[in-house]
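First, the structure itself, so that you have it in front of you.
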Amino acid sequence: MQITKETRISDILLNYGDIAEVMEVFGVQRVGKYSMRMFLAKALNVEWAARIHKVPLDEFLEILHKAVAKKESTLE
């Protein structure tokens, strides 16, 4: 999965649940499957999450990409 500024936060959490800790650094809390936060995560994309939490988009994407690469390397 390629993570871009348009990627939904819910998609990241569903595909890479293990990197939730990385996202929590930016204030994106873990979400339960049926919670209100999960509903909001479906509508929220990476760009808006970065804006809401006042993190530069490039920095947010770079850290997400590193976390995904690390996770994928441990699966190989």
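Pull up the cross-link candidates among the lysines for K42, meaning alpha carbon to alpha carbon under 18 Å and not fewer than 8 places away within one chain.
Counting by Cα, and skipping residues close in sequence, K42 has these lysines nearby: K5, K33.
Report the full-extension gain for the segment K66 to R8: residue separation times 0.36 nm, less the Cα-Cα distance, to one decimal in nm.
19.1 nm
Throughout, read-outs are computed from the coordinates displayed, never taken from laboratory work. In this text the structure is predicted, and so the values were computed from the model without any measurement.
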